[in-house]
Amino acid sequence: MECIGWGLSKEDAEKICRYAPWEMNAFPAWLDILYEQYPTVVLDILVQELNWEIANCSHEKSSNYIISRIKHIESMKPLKLAIAPAVLTAVSESTISDSHLFEYCLDIILKSHSVIDDRDVVNVAKALAIENENATRKAIGFAIWINLESISAIDALTEHLESIEDGEIASAFAMTFITALFGT
């Protein structure tokens, strides 16, 4: 099968798609045309790049190259929605140390609710709220959880706040939570 108007085979589409991440500042305009013709090829390559970026990020060294481009896709909305479940899987299966990468991933997930089941997002949010040691991420987890499943999340948040013995730390956590809540 050839890409209409381009004469590309599937193998050619795989080769050309590997150049998309190297384009300056954004994905090239031709990527959405390629995606229309070879959605699996484009999605597989971008998910592979996304997973590599997440696996190789750190506080000291993170490019946020692929995830930033995915986050800022506006003209290629079908591609962004198609990759969102892979972003959710990546967030749920890995510890992302880079805060910008983490925030970009959450932004993609939260703006792709039409293709991601709320139950899956709740599970990730619960894990962040309950299991994460980082207070900021814990607060973000509670904020997302409360947006989707308020009664159980409020109970868990109340329990967490009551478990913090230092009043200043509890107050700081509450403020971080409120900031996250209004930002989600």
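Annotations
- Selection from the range 8-30 of residues that are within 20 Å of the chain's Cα centre (by Cα) and over 19 Å from Leu101 (Cα atoms): Ala20
- Boolean, Glu103 is within 21 Å of Ile45 (Cβ to Cβ), at pLDDT below 90 and surrounded by fewer than 19 Cβ atoms within 10 Å (Cβ to Cβ): no
- Being out of contact with any Cys (no Cβ under 6 Å at 6 or more places or on another chain), closer than 25 Å to Ile73 by Cα, in a helix (DSSP H, G or I) and free of Cβ contacts under 8 Å to residues at least 60 places away in the same chain is a property that does not hold for Ile96.
- Residue among Glu60, Glu74 that is at pLDDT below 85, over 25 Å from Val121 (Cβ atoms), acidic (Asp, Glu) and part of a loop (DSSP other than H, G, I, E, B): Glu60
- In the range 135-184, the residues that are without any contact (Cβ under 8 Å) to a residue 40 or more places away in the chain, polar (S, T, N, Q) and under 23 Å from Ile116 (Cβ atoms): Asn147, Ser150, Ser152
- Within the range 2-17, considering residues that are part of a loop (DSSP other than H, G, I, E, B) and surrounded by 12 or more Cβ atoms within 10 Å (Cβ to Cβ), the one modelled with the lowest pLDDT: Glu2
- Residue match in the range 110-126 (condition: small (Gly, Ala, Ser), over 25 Å from Lys77 (Cα atoms) and either touching a helix residue (DSSP H, G or I) at 6+ places or on another chain (Cβ under 9 Å) or assigned to a helix (DSSP H, G or I) (or both)): no
- For the range 111-121, the count of residues that are in contact with a His (Cβ under 9 Å, 6 or more places away or on another chain) and either touching a residue at least 24 places away in the same chain (Cβ under 8 Å) or surrounded by 14 or more Cβ atoms within 10 Å (Cβ to Cβ) (or both) is at least one.
- Looking only at the range 128-168, residues that are of a type in the set (A, V, I, L, M, F, W, C), within 20 Å of Ser99 (Cβ to Cβ) and either surrounded by 15 or more Cβ atoms within 10 Å (Cβ to Cβ) or at pLDDT 95 or above (or both) come to 8 in all.
The values are calculated or read from the model by the stated rules, or taken from the named source; none is laboratory data. As the structure is a computational prediction, the values presented were derived from the model and not from experiment. Glycine also receives a Cβ, built like all others from the backbone with ideal geometry; neighbour counts cover every protein chain displayed.
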